[in-house]
Ligand code: ADP
C-alpha cells in the first residue's frame, strides 16, 4: 500500500491551471510505524517487571509484612525484576548509541584469535553454569580484521552467550575462525548442538524484540535485543551474519568479514 502527499502549484498567473505534485510518503510512513512499534515494545518490556515490583511492594506492606520467609522470597523476585530492567536499558542504550554513531567503518587492527580467547574467558562462568564446554578451533597465526575491538567483543559475547543459553545443556559450543575462500574473506563461526531454530524464524531473529519463545528467553535473562545489536555492529563493519540451523541438531552463526581493501 502506497501513501502520497498531493500538492497543487499554479502555472503562471491567472491561467487557472495547476500542476499536481505527488510525493511518495510510503517509506517515511513505514519508518514512523517501525519507530512507534519499537517504543511500544520497549515500554511493554519495561512495564512488565515494573508492574511486578509494584505488586510485590504492596504485598510486602500488607499480607507479607510479618512473614520473614515470604518477605525474603518477594525481595529476591524484586531484585531479579530490577536486574531485568537494567539489562533492557543497557541494551536499549547500546542500540541507540550505535544508531547515532557516524557511519564510519571502524578501523583498529584486531586479532580475532586473541579477541575470541578473551570472550571465552569472560564467558567461562556462564558456560559452566549452563554445563556447556566451549571449544576453540583457531588458526596458528594471527587473524586480523579492521574493526572496533569493544564492539566486536560485544558481537561474539552475544553469539557465544546465545549458544550457551539456547544450546543443549551438558553439550558443547564450538568457536572456529578461518580464512575462507580465495578472496581473503575471514569468518568466525559459533556452533551449538542444541534444539536449533525452525526455518520460519531464522529470517526474523535479528529483529528487535523477536524471540522464538518469550518464556525461554526471559528465563535465560534475554532481552530480545542481542542479535539486533550484533547486526547493527556488523553492518558498521561492512561484515555480515549468516545463520544455519536444523531443528534437533543445532545452529551455527557465521560472521563474514570482507577482505581488507
Ligand atoms: P535474547 O535476548 O532473547 O537472547 P537475541 O536477539 O539474542 O535475544 O536472540 C533472539 C532469539 O533467537 C532468542 O530469544 C532465541 O529464541 C533465538 N536464538 C538465538 N540464538 C539461538 C541459538 N543459538 N539456538 C536457538 N535459538 C536461538
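Rule-based calculations on the coordinates, nothing more; no lab input. None of the values given here were measured: they were computed from a predicted structure. When we count neighbours, we look across all protein chains shown, and the Cβ atoms used for this are built from the backbone with ideal geometry, even at glycine.
Our Cα-only numbers for the chain put the radius of gyration and Dmax at 24.0, 87 Å. With a simple spin-label model that places each label point 7 Å from the Cα along the Cα-to-Cβ direction, the separation between residue 77 and residue 126 comes to 2.7 nm.
Label separation (residue 3 vs residue 221): 4.1 nm, computed from points 7 Å beyond Cα along the C-beta direction.
When only alpha carbons are used to place a centre, segment 124-183 and segment 190-242 end up 15 Å from one another.
Taking label points 7 Å from Cα along the Cα-to-Cβ direction, residue 103 and residue 140 give a separation of 4.3 nm. Among 141, 105, the order by Cβ neighbours within 10 angstrom, fewest to most, reads 141, 105.
Full extension of the chain segment joining residue 48 with residue 29 gains 4.0 nm, where the gain is 0.36 nm per residue of separation less the Cα-Cα distance.
Helical content alone sets the calculated 222 nm signal of the chain at -15500 deg cm²/dmol, taking -39,500 (n - 2.57) per DSSP H segment of four or more residues and averaging over every residue.
Each of 95, 225 was scored by other Cβ atoms within 10 Å of its Cβ. Arranged with the fewest first, they read 95, 225. For segment 79-149, the spread of Cα positions along the three principal axes, ordered from largest to smallest, is 45, 40, 11 Å. A Förster radius of 41 Å combined with the Cβ-Cβ distance from residue 61 to residue 96 puts the calculated FRET efficiency at roughly 0.70. By other beta-carbon atoms within 10 Å, ranking 229, 77 with the fewest at the front produces 77, 229. Comparing 211, 240, 97, which has the greatest mean-square fluctuation in the GNM of the chain with Cα pairs linked when under 10 Å apart? Residue with maximal mean-square fluctuation among 211, 240, 97: 97.
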